[in-house]
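So the structure is just underneath, and the comments pick up after that.
The values are calculated or read from the model by the stated rules, or taken from the named source; none is laboratory data. Keep in mind it's a predicted model, so treat the numbers as computed, not measured. Here the Cβ positions follow ideal geometry from the backbone for every residue, glycine too, while neighbour counts run over all protein chains shown.
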Amino acid sequence: MSLKAPPGPSPFGFIIMLPGLLLNPVVKLNAVCKKYGPVIKLGIAGNYSYIINDKEIIRQILKTDYIKFPRGRTLDEIKFLLGNGIFASEHELWSVRRRLLKPAFHSSIFHKLENVLKEELQKTTLKFQEFASGGTPFEPEAEFQKMLFSATIRNLFAGKISADTEPVIQALNKILAYPGIPQHTFRVVKKQYLRISGMKDKSREEILEAGRVIDKFTAGILDWAINNPEECGTYLNILLNEFFEGRISREDIITEMKNIIFAGYDTTASALTWLIYSVSVNPGIEEKVLSEIASTGVPDYQNVTRLEYSKMVIKETLRLYPPAWVFHRISTEDFEAGSYHIPANSWIFISPFLMHRNPEYWDNPDDFYPERFEKEENSETTRFDYIPFGNGPHVCIGNSLANFQLIYSLAYLLPKFRIEFRNKKITGFTSGIGLKADKPLKAIIRERK
Ligand code: HEM
């Protein structure tokens, strides 16, 4: 039996939905999935993407046949940043690097990362006290970005940072907000338009400049670390050993560091913001989290592992607000997606956001209900309908570290401060790589007595 093409909007329907896809892709794609079902063809005139919203097909793509579905080419737009590092390299190099770097993220070394994380949280506490005494609204995410950027760089790369971190954070924010990256089909259409009109893509020039800022910062950190190897972080330590053995070049190390800068702190800062937001706006959650923290003792790397309810709150936050709301693969061969045919060389969308709000898999998917993770089957990490960190061999290498940073920060900050958000309802999201509210999340803060 020959399989048919998946359903999706007509060419005219696609043109009508383009502005929505550009301005608010998350909400638009959610509506598209509700209308067309688990496998959708989206695009126009030979430029098609396929959205997969079915857990068994996602299992096939991310795990069973993962070698047939590489990620590399989907990141071409930011190749200047990722090079042939762990995120964008082909299978062979990726598997060598993944094996090499994995120990840098193992939970058995988290006790070594605690001091730096606590120091950075202390700095954030001083900032929050200032905001509290001034009574001025502020954006918690900007503060969490600074804190987690410093904690990540110091713990993974080098104990001390002498350069100003602000321009690097701004540079990465620009890259992550670059609207062309998640919306492949729109990007293709936009490129044609720029070519025909002879216009320059200004945002492209800006992100290339942002890439140079990150290059310079990373090279500076590496030089410092080479001269101070005893103060090297877990990740750079592994890479420097390879360097001194002549198995990796300086450029390759810089590339791997930039991959971590790309993947490793904004995601967690975003998750922490959504976590504090969810705790603050959903009635009854804050009291339960606070009482659990109080009953477990001073937050340290051991005590936080016992915060079972808080862990479910984190899981539920990552379900409703997965910071990496979409990622992509390319099909290298024709394949059967359920009862549909998808041709080779197709661009595949997998979206944690869409999967996590799919009523096929979740009861009352839009409700914040941490207790749903009490059920055995919901806490399983082998699920392919719960994928905030992806799944299969490319599952996030930093997932345990991120969870540690999240629970530790929650246990440290929440008993000290009450953060009240001005945005009671989220109306939409921005169009970049990360899941950000379209109206920045602003809050006022009070110190608890
Ligand atoms: C809440 C925080 C985080 C979220 C939501 C997140 C999400 C993800 C997702 C969804 C993927 C899989 C992408 C795909 O399959 O295409 C991924 C991969 C990855 N993440 Fe994370 N991540 C987080 C934190 C971190 C941290 C803390 C680090 C390191 C410091 C990190 C480093 C990486 C790397 C290197 C990969 C590529 C793994 C591979 O292909 O082998 N991430 N992350």
message: Can you list residue pairs whose Cβ atoms sit under 6 Å apart, with the first residue in the range 18-46 being closer than 24 Å to residue 59 by Cβ and the second being acidic (Asp, Glu)? Count only pairs 6 or more apart in sequence or on different chains.
response: 38/54
- request: State the number of residues belonging to the range 312-334 that are more than 11 Å from the ligand (Cβ to nearest atom) and assigned to a loop (DSSP other than H, G, I, E, B).
  value: 4
query: Taking residue 95, is it surrounded by fewer than 21 Cβ atoms within 10 Å (Cβ to Cβ) and either among the hydrophobic types (A, V, I, L, M, F, W, C) or at pLDDT below 95 (or both)?
result: no
query: So which of 345, 358 ends up being away from the ligand (no atom under 13 Å from the Cβ), surrounded by fewer than 19 Cβ atoms within 10 Å (Cβ to Cβ) and either modelled with pLDDT under 95 or of a type outside the set (Val, Ile, Thr) (or both)?
result: 345
task: With respect to residue 174, determine if the residue is within 18 Å of the chain's Cα centre (by Cα) and part of a helix (DSSP H, G or I).
output: yes
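Quick grid of which residues meet (1) in contact with a Lys or Arg (Cβ under 7 Å, 6 or more places away or on another chain); (2) on the phi > 0 side of the Ramachandran plot; (3) not acidic (Asp, Glu):
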residue	(1), (2), (3)
139	yes, no, no
149	no, no, yes
152	no, no, yes
158	no, no, yes
162	no, no, yes
166	no, no, no
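Each row is one residue, and each column tells you yes or no for (1) surrounded by 18 or more Cβ atoms within 10 Å (Cβ to Cβ); (2) touching a Lys or Arg at 6+ places or on another chain (Cβ under 6 Å); (3) touching a residue at least 40 places away in the same chain (Cβ under 8 Å); (4) not in a helix (DSSP H, G or I).
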| position | (1), (2), (3), (4) |
| --- | --- |
| 188 | yes, no, yes, no |
| 194 | no, no, no, no |
| 211 | yes, no, yes, no |
| 217 | yes, no, yes, no |
| 223 | no, no, no, no |
| 226 | no, no, no, no |
| 236 | yes, no, yes, no |
| 246 | no, no, no, yes |
statement: Note on residue 353: of the conditions (1) among the aromatic types (Phe, Trp, Tyr); (2) assigned by TED's automatic domain parsing to the domain that holds residue 126; (3) buried (at least 22 other Cβ atoms within 10 Å of the Cβ), unmet is (2)
Selected residue (criterion: nearest to residue 108 (Cα to Cα)) from residues of the range 361-400 that are more than 13 Å from the ligand (Cβ to nearest atom) and of a type in the set (A, V, I, L, M, F, W, C): 373
- request: State whether one or more residues within the range 217-227 are at pLDDT 95 or above, assigned by TED's automatic domain parsing to the domain that holds residue 400 and touching a Pro at 6+ places or on another chain (Cβ under 9 Å).
  value: yes
message: If I filter the range 392-411 for residues that are more than 19 Å from the chain's Cα centre (by Cα) and not in a strand (DSSP E or B), do I get at least one hit?
response: yes
query: Restricting to the range 71-98, what's the tally of residues that are within 10 Å of the ligand (Cβ to nearest atom) and over 24 Å from residue 208 (Cβ atoms)?
result: 4
- prompt: Pairs, please: C-beta under 6 Å, at least 6 apart or cross-chain, first residue assigned by TED's automatic domain parsing to the domain that holds residue 172 and in the range 82-105, second near the ligand (Cβ under 8 Å from one of its atoms) and part of a loop (DSSP other than H, G, I, E, B)?
  reply: 97/86; 105/397; 105/398
statement: Residues in the range 397-425 that are surrounded by fewer than 19 Cβ atoms within 10 Å (Cβ to Cβ) and farther than 17 Å from residue 285 by Cα total 4
task: Could you grab me the full set of residues in the range 290-311 that are in a helix (DSSP H, G or I), modelled with pLDDT of 95 or more, crowded, with 20+ Cβ neighbours inside 10 Å and among the aliphatic types (A, V, I, L, M)?
output: 293
- prompt: Quick one: what pairs do we get from the range 271-283, first residue closer than 12 Å to residue 410 by Cβ and part of a helix (DSSP H, G or I), second small (Gly, Ala, Ser) and within 16 Å of the ligand (Cβ to nearest atom), C-beta under 7 Å, 6+ apart or different chains?
  reply: 271/402; 272/409
- prompt: Which number in (1) assigned by TED's automatic domain parsing to the domain that holds residue 361; (2) within 20 Å of residue 326 (Cβ to Cβ) marks the one condition that residue 73 misses?
  reply: (1)
